[in-house]
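One structure is given here, and the rest of the page talks about it.
The values are calculated or read from the model by the stated rules, or taken from the named source; none is laboratory data. These figures come from a predicted structure and were not determined experimentally. Quick reminder, even Gly has a Cβ in these numbers, built from the backbone with ideal geometry, and neighbours come from all protein chains shown.
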Amino acid sequence: MKKNIFSGFAIWVAAVVLSGCCKTAPQEEQLYANHKPYTRWWWHSAVIDTNDVRDQLKWLHEHEFGGVEIAWIYPMFCDSTTPHPAFLSEDWAKPVEVAKRVADSLGMGCDFTFGTMWPFADVDLPDGDQTRNYFDSVEIARRPLVWDHPREARIINHLNKKVFERYAAKMNKGLKGAYKGSKSGLFVDSWEVETEYLYTPGFENTFMAEHGYDIIPYLRDTQLLDMRTHEVYDNEVFYDYLHTMSGYVIREFYKPFADNATRNGCFSRAQCGGAPADLLTAFATVDIPETEAILYEPCFSKIAASAATLGGKDAVTAETFTCAYGWTSLRYNNFRGHSPHQGKEQIADLRLICDALFANGTNQVIWHGMPFNSLGDTSNYFYTTCQVSMHPENNLTGQALTDFNKYMTTVQTYMRKGVNYTDVAVYMPLEDSWMAGAYPPEVNEQMKWLWGQYEMRYIETPLELKGRQPMWVNEHFLKEAQYRDGRLECGKTSFSCLYSEVEYMELSAVQTLVRLAKEGLPICITRIPKEPGKVKHTAEYKAAVQALLAEKSVCTGWHEMNLSSGLIEGSKLPDNWVRQDGDDLYMFIANPMTQTIRYPLEYEYAFTDEGSERQVTLNHHGRQDDVTLRFRPNESLLLHLTKKGVEQIDLNYTAPHLTRG
């Protein structure tokens, strides 16, 4: 049902019609085409009963799940006496293949974590294939809690393509039968490899070729950073180290990972969060970029969404609801720790998280998650999960779960129509983050493992651009971009202009902006950039910056740009995301409460919302519509913008207050 939400009346103005359009259609084969949420399906190491496999998949289908991602982990309670087939053995593969066939028969998807636990590790990893730091510490490669526990695995070297390919050959052999049927996704989780002094043989040679000086003294004498406090000793050298490391991570790991999936008739899905890499480029390397919330801020999702837009990829997934109310160590209470409020989760709280993600570019939720259990059983659980459960006494079950999944499916269906609407390109502060070193200790005391600003967990597009659907760009995409017919054609999308407020920018990037400015691209540079890294090109850099500022299309203040109005204008704008399908625009506007959620989420925080209103102007299709956005408590809005005006699409869902458990 659609209802009109005008508070005033529409008038015609001389605005540019659909000025922020993306120039390509979605890929021919749409992945996650049923638009329903998936769930990560935790298979604790044990003998897997294929009858239970069938029962659970049928239950998930009945509760409006579109598919599963199987994740193989340690035995429950890390009980080393639990019988289980060896990882990747024929007995292990049989229930996996059954799961794939049953999922296909139900019209569900079936993805696979490409290993046991994360990051990729192997109990039989050949000596020399393990990850290492410069000091060759064996400790950082240990992964004791895996499927074949109590056998200990070692993490692979992610900086060596040949190591990955040897590892992938074993995984492909074990999953060969499961690759048959519908196309499956192969998944790699967030980067959970220790990065302090990360190293691979030959790194110093690549570094020398790229930067012209020897990195070894800084590694040998621990002159990059203090591994206890993460104090960076020399920010310029640390920048250069990350610059070279990024090339290794993308070239030797993410690209081979994506290529391997393609060769085996699958698609690649990756969380690049935490990787010491150019995140925008890394996310664009795989078929499906994936974000995470709320261990990562919802705004982090815009990096993955920007990469998808630039790369012409339709879906942006999110590992969703992880540790929503906080984190409890796996080792707590003799390996019996639960996440806070596990089994008593409030769907209204979770809706705030998913709506925040939708408004930052995510359009496919992956629940975190559902442990493998017999019907009605709760013996197995995963310690960081908001637990999808077949037990009637838990909150995430039954009709309440079904209705919530239907709501997410509705939003995801609209957020997959057409392509992402784009207007302003924002130069991503990659160089700034690499120069910044470590986060201050007080940034997030809840996440003791978080240290490097290279993770870019908290970056947001500038507030003054909020109504213009800004997306991140970087030098990788800009160097191939062209300004033609009034649009910056960049990757698989286009923009009206470019905005930069970064402190640091590579010389080659500045030179690229000079070229684009000469072509006529409107560019706003609010800060005069400086050259990052140890080796300077002082005269050349100064000349490039002066040449850039001398171009008539370049200004130093946003209000000097003299552009047409943004798509949405108003004070205190809520987060929003727009899809363009032909002449139609679909705008999801998240409840303003979503802008206040923080990790860990306060239990029943959603019920503190008393509702709110925002007065906005929508400039579209050559018209100007004044609209009152009325947010009922814990509800977001979906608008349909056409040549005739603005309508609200009724999402027809209110999250209940759950009292079970």
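Condition check ((1) surrounded by fewer than 22 Cβ atoms within 10 Å (Cβ to Cβ); (2) without any contact (Cβ under 8 Å) to a residue 40 or more places away in the chain; (3) among the small types (Gly, Ala, Ser)) across all residues:
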| site | (1), (2), (3) |
| --- | --- |
| THR461 | yes, no, no |
| ASN474 | no, no, no |
| LYS479 | yes, yes, no |
| THR493 | no, no, no |
| SER496 | yes, no, yes |
| CYS524 | no, yes, no |
Query raised in the report: Any residue at all in the stretch 455-477 that is modelled with pLDDT of 95 or more, touching a Lys or Arg at 6+ places or on another chain (Cβ under 9 Å) and within 30 Å of SER329 (Cβ to Cβ)?
Result: yes
Report task. Out of SER508, SER496, report the one residue that is over 16 Å from ASP432 (Cβ atoms) and in contact with an Asp or Glu (Cβ under 6 Å, 6 or more places away or on another chain). Result -> SER496
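Just give me the residues in the stretch 548-578 being aromatic (Phe, Trp, Tyr), surrounded by fewer than 18 Cβ atoms within 10 Å (Cβ to Cβ) and modelled with pLDDT of 95 or more, in sequence order. Working first, answer last.
The first filter runs over the stretch 548-578 and keeps only residues aromatic (Phe, Trp, Tyr), leaving 558, 577.
Narrowing the set further to residues that are surrounded by fewer than 18 Cβ atoms within 10 Å (Cβ to Cβ) leaves 558.
Of everything in the stretch 548-578, nothing turns out to be aromatic (Phe, Trp, Tyr), surrounded by fewer than 18 Cβ atoms within 10 Å (Cβ to Cβ) and modelled with pLDDT of 95 or more.
Return yes or no: is ALA315 part of a loop (DSSP other than H, G, I, E, B), modelled with pLDDT of 95 or more and among the hydrophobic types (A, V, I, L, M, F, W, C)? So that I can check it myself, show each step before the final result.
Values: part of a loop (DSSP other than H, G, I, E, B): yes; modelled with pLDDT of 95 or more: yes; among the hydrophobic types (A, V, I, L, M, F, W, C): yes.
Criteria met by ALA315.
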Query raised in the report: under 24 Å from PRO75 (Cβ atoms), out of contact with any Gly (no Cβ under 7 Å at 6 or more places or on another chain) and of a type in the set (Phe, Trp, Tyr), is that true of TYR134?
Result: no
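If the requirement is being within 21 Å of TRP59 (Cβ to Cβ) and buried (at least 19 other Cβ atoms within 10 Å of the Cβ), which of these qualifies: PHE382, PHE358?
On the way: PHE358 fails: within 21 Å of TRP59 (Cβ to Cβ).
Exactly one of PHE382, PHE358 is within 21 Å of TRP59 (Cβ to Cβ) and buried (at least 19 other Cβ atoms within 10 Å of the Cβ), namely PHE382.
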**Report entry** Within the stretch 103-137, considering residues that are of a type in the set (Val, Ile, Thr) and closer than 20 Å to ALA46 by Cα, the one farthest from the chain's Cα centre (by Cα)
**Finding:** VAL123
Query raised in the report: From the set of residues in the stretch 385-403 that are outside any loop (DSSP other than H, G, I, E, B), at negative phi and of a type outside the set (A, V, I, L, M), which is surrounded by the most Cβ atoms within 10 Å (Cβ to Cβ)?
Result: ASP403
Query raised in the report: Given the structure, is VAL426 closer than 30 Å to GLN30 by Cβ, within 19 Å of the chain's Cα centre (by Cα) and assigned to a strand (DSSP E or B)?
Result: yes
Report summary line: Inside the stretch 149-167, the number of residues satisfying the requirement of being assigned to a helix (DSSP H, G or I), over 22 Å from GLY274 (Cα atoms) and touching a strand residue (DSSP E or B) at 6+ places or on another chain (Cβ under 8 Å) is 0
Query raised in the report: Which numbered condition trips up ALA86, out of (1) surrounded by fewer than 21 Cβ atoms within 10 Å (Cβ to Cβ); (2) within 28 Å of TYR167 (Cα to Cα); (3) without any contact (Cβ under 8 Å) to a residue 60 or more places away in the chain?
Result: (3)
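Among the residues of the stretch 245-264, which ones are among the polar types (S, T, N, Q) and surrounded by fewer than 19 Cβ atoms within 10 Å (Cβ to Cβ)?
Initial filter on the stretch 245-264 (among the polar types (S, T, N, Q)): 246, 260, 262, 264.
Answer for the stretch 245-264, where residues must be among the polar types (S, T, N, Q) and surrounded by fewer than 19 Cβ atoms within 10 Å (Cβ to Cβ): THR262, ASN264.
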Query raised in the report: Can you name the condition, by its number, that LEU145 falls short on among (1) at pLDDT 95 or above; (2) closer than 29 Å to PHE267 by Cβ; (3) in contact with a helix residue (DSSP H, G or I) (Cβ under 9 Å, 6 or more places away or on another chain)?
Result: (1)
Query raised in the report: Taking the stated definitions as given, is PHE120 touching a helix residue (DSSP H, G or I) at 6+ places or on another chain (Cβ under 9 Å) and crowded, with 19+ Cβ neighbours inside 10 Å?
Result: yes
